[in-house]
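The values are calculated or read from the model by the stated rules, or taken from the named source; none is laboratory data. Note that the structure is a prediction, hence the values are computed from the model and not measured. Here the Cβ positions follow ideal geometry from the backbone for every residue, glycine too, while neighbour counts run over all protein chains shown. Side chains included, ligands, DNA and RNA excluded: accessible areas come from the protein's heavy atoms. Shrake-Rupley method; radii C 1.70, N 1.55, O 1.52, S 1.80 Å.
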Amino acid sequence: MSVVPPSALGDPCVLLKLGEVVLKGKNRETFERRLQSNIRAALKEFGVPFDLRQRHGVIAILLPEGTSVETAGAVARRLTDVIGLVWVHRAWRVAKDPDAVTAAALELVAGRPEVERRATFAVRSRRRDKRFPLRSNELDRMVGGEINDKYGLPVRLKDPELTVHIEVDRDEVFVFTDGMPGQGGLPVGTSGRGLVLMSGGIDSPVAAYRMLRRGLQVDFLHFSGIPFTTSESIYKAYALMRALSRFQGRARLFVVPFGKAQQSLKTSGADRLQVVAQRRLMLKTAEEVAHRLHRDVLVTGDSLGQVSSQTLQNLTALDDAVSMPILRPLIGMDKTEIMAEARRIGTLEISELPDEDCCTLLTPRRAETRAKIADLRQIEKRLDAEELATRLADSIQEYKLGPADAKAAGDARSA
């Protein structure tokens, strides 16, 4: 395993850039503490000691002397999944001396493909410590001049092909070139706790991810068609939760055997209202489970008009089923947009695996698109839906994920 390059580059580290967290005013410290906690949890799996230093809009992850380039790269890649960060940079720590900074920049540029093809470049400096003897523009000119003299690269300040970044901090200077985009958003856990209705399809995992980016910590509730279907949909729901775990760490999946309840709805004369009626029963059950788990809100993957059960009238009828708020982060997205997001976060391939979905079980040939709340309440009265929801909540089975699952999900994504 290789170790750190020549001494001019100092020690490897990871520099993290914050997004909207910096706009939180007097509450900012709360958001930063949560973000730091999430970073520590994400890096726990590596077993590598590190020093986390908070600066204004920046977090530096300082790794031990002699840390290998491979380890530093793995740490950086893992941190791209921590929600609340907008950029992750593999950087080098050097002494707060202009000559040391220049030597490090020259070493960093050496051997890059941009040098061979004489690409344009620029140097961007930032002084968080104003005591540094050179101003930012002076440091830009000094380092840029040395790079130009040694490698003959032409300077272009607007849209250069290679950018050397220099950030002067309190105790050291960070030098880096490339960066990896982060997830953005708010740190998971800063906006409360929710329960996601996880179908196993494409939409609900994307809805969960979108709420994670808004700071919601989530668990998952899956309705299985058991005993009229196999356990395939449960395996899919578990795999989807595992894929999403890299964004929030530990999570839990609760499974409701829903087949017999669907059969009861079928024999109650629901007919064209079967789909909306069973979704109302799912929401009632989810609300009961959420109360027991002390969750604040329900999350679904509904998209307005995407299927018959998601017309405006039917969504209004669904809202009537429960008193708990229902968040629908995909409400204005079309299927192409949702699939693109699912592909990016690594859930699309799992969602496309075949399974026996309870939502397609015992469905009518034609579904109602303009459900009337009074008709649905009448069906529920015949079934005693509130009592049925309580019994369904009593029957749930729990599946847990641990920190190792987040690492495995991240490794699979990198592969």
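Examine region 240-247 for a residue that is out of contact with any helix residue (DSSP H, G or I) (no Cβ under 8 Å at 6 or more places or on another chain) and surrounded by 23 or more Cβ atoms within 10 Å (Cβ to Cβ), and state whether such a residue exists. Scanning region 240-247 turns up at least one residue that is out of contact with any helix residue (DSSP H, G or I) (no Cβ under 8 Å at 6 or more places or on another chain) and surrounded by 23 or more Cβ atoms within 10 Å (Cβ to Cβ). No other residue among THR316, THR267, THR285, THR336 is of a type in the set (S, T, N, Q) and within 25 Å of the chain's Cα centre (by Cα) apart from THR336. Listed by first and then second residue, the pairs linking a residue in region 333-349 that is in contact (Cβ under 8 Å) with a residue 60 or more places away in the chain to a residue that is among the charged types (D, E, K, R) and buried (at least 20 other Cβ atoms within 10 Å of the Cβ), with Cβ atoms under 7 Å apart and 6 or more places separating them unless they lie on different chains, are ILE338/ASP203.
A quick yes/no check of all residues on (1) of a type in the set (Ser, Thr, Tyr); (2) modelled with pLDDT of 95 or more:
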| residue | (1), (2) |
| --- | --- |
| GLY111 | no, no |
| ASP129 | no, no |
| GLY144 | no, yes |
| LEU157 | no, no |
| VAL164 | no, yes |
| ASP171 | no, no |
| THR177 | yes, no |
| GLY189 | no, yes |
| MET211 | no, yes |
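Within region 338-355, is even one residue open to solvent by 50 Å² or more (accessible area, probe 1.4 Å), closer than 20 Å to GLN313 by Cα, of a type in the set (D, E, K, R) and modelled with pLDDT under 95? Checking region 338-355: not a single residue is open to solvent by 50 Å² or more (accessible area, probe 1.4 Å), closer than 20 Å to GLN313 by Cα, of a type in the set (D, E, K, R) and modelled with pLDDT under 95. Only one of the numbered conditions (1) open to solvent by 30 Å² or more (accessible area, probe 1.4 Å); (2) over 30 Å from LEU52 (Cα atoms); (3) not hydrophobic (A, V, I, L, M, F, W, C) is not met by ARG214, and that is (2).
Please verify whether ARG366 is open to solvent by 60 Å² or more (accessible area, probe 1.4 Å), touching a residue at least 12 places away in the same chain (Cβ under 8 Å) and part of a loop (DSSP other than H, G, I, E, B), treating the condition exactly as stated. Don't jump to the end; show me each part of the working.
Details: open to solvent by 60 Å² or more (accessible area, probe 1.4 Å): yes; touching a residue at least 12 places away in the same chain (Cβ under 8 Å): yes; part of a loop (DSSP other than H, G, I, E, B): yes.
Criteria met by ARG366.
Residues in region 55-71 that are open to solvent by 30 Å² or more (accessible area, probe 1.4 Å), closer than 15 Å to LEU18 by Cβ and either outside any strand (DSSP E or B) or in contact with an Asp or Glu (Cβ under 6 Å, 6 or more places away or on another chain) (or both): HIS56 alone.
Whether any residue in region 11-25 is in contact with a Pro (Cβ under 8 Å, 6 or more places away or on another chain), in a loop (DSSP other than H, G, I, E, B) and at pLDDT below 90 is what I want to check. The answer is no; no qualifying residue exists. Taken over region 64-95, the residue count meeting the criterion of being in contact (Cβ under 8 Å) with a residue 40 or more places away in the chain and under 18 Å from GLU107 (Cβ atoms) is 13.
Does ARG40 fit the bill of being without any contact (Cβ under 8 Å) to a residue 24 or more places away in the chain and farther than 19 Å from SER245 by Cα? Answer is no for this residue.
Yes/no per residue for (1) modelled with pLDDT of 95 or more; (2) more than 14 Å from SER204 (Cα to Cα); (3) assigned to a loop (DSSP other than H, G, I, E, B):
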position: PHE220; (1), (2), (3): yes, no, no
position: ARG250; (1), (2), (3): no, yes, yes
position: VAL256; (1), (2), (3): yes, yes, no
position: GLY269; (1), (2), (3): no, yes, yes
position: LEU298; (1), (2), (3): yes, no, no
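Considered as a group, the residues in region 18-37 that are open to solvent by 30 Å² or more (accessible area, probe 1.4 Å) and touching a Gly at 6+ places or on another chain (Cβ under 7 Å) include one that is farthest from GLY215 (Cα to Cα), and that residue is VAL22.
Take the conditions in a loop (DSSP other than H, G, I, E, B), surrounded by 14 or more Cβ atoms within 10 Å (Cβ to Cβ) and either out of contact with any Ser or Thr (no Cβ under 7 Å at 6 or more places or on another chain) or modelled with pLDDT of 95 or more (or both) and apply them to ASP302. Does it pass? Against the criterion (in a loop (DSSP other than H, G, I, E, B), surrounded by 14 or more Cβ atoms within 10 Å (Cβ to Cβ) and either out of contact with any Ser or Thr (no Cβ under 7 Å at 6 or more places or on another chain) or modelled with pLDDT of 95 or more (or both)), ASP302 qualifies.
The residues listed here are ARG377, ARG295, ARG344; of these, the one that is more than 25 Å from the chain's Cα centre (by Cα) and among the basic types (Lys, Arg) is ARG377. Condition (residue is over 17 Å from GLY179 (Cα atoms), of a type in the set (Phe, Trp, Tyr) and at pLDDT 90 or above) applied to region 36-58: is it met by at least one residue? Yes. For region 271-296, the set of residues classified as over 20 Å from GLN397 (Cβ atoms), at pLDDT 95 or above and of a type in the set (Val, Ile, Thr) is empty.
In the list LEU392, LEU318, LEU388, LEU362, which residue meets the criterion of being among the aliphatic types (A, V, I, L, M), under 23 Å from VAL255 (Cα atoms) and modelled with pLDDT under 75? Let's see the steps before the verdict.
Values: LEU392 fails: modelled with pLDDT under 75; LEU318 fails: modelled with pLDDT under 75; LEU388 fails: modelled with pLDDT under 75.
Going through LEU392, LEU318, LEU388, LEU362 in turn, the sole match is LEU362.
Test ASP271 against the stated conditions and say whether it is within 20 Å of TYR209 (Cα to Cα) and open to solvent by 50 Å² or more (accessible area, probe 1.4 Å). Spell out how you get there, then give the answer.
Details: within 20 Å of TYR209 (Cα to Cα): no; open to solvent by 50 Å² or more (accessible area, probe 1.4 Å): yes.
No; evaluated as a whole, the condition is false for this residue.
Within region 43-78, being more than 21 Å from ARG33 (Cα to Cα) and touching a Phe, Trp or Tyr at 6+ places or on another chain (Cβ under 8 Å) holds for PRO64, THR71, ALA74.
Answer yes if at least one residue in region 334-347 is under 13 Å from ARG279 (Cβ atoms) and touching a Gly at 6+ places or on another chain (Cβ under 9 Å), and no otherwise. Please lay out each step first, then the result.
Residues of region 334-347 that are under 13 Å from ARG279 (Cβ atoms), as a first pass: none.
So far as region 334-347 goes, no, none of its residues is under 13 Å from ARG279 (Cβ atoms) and touching a Gly at 6+ places or on another chain (Cβ under 9 Å).
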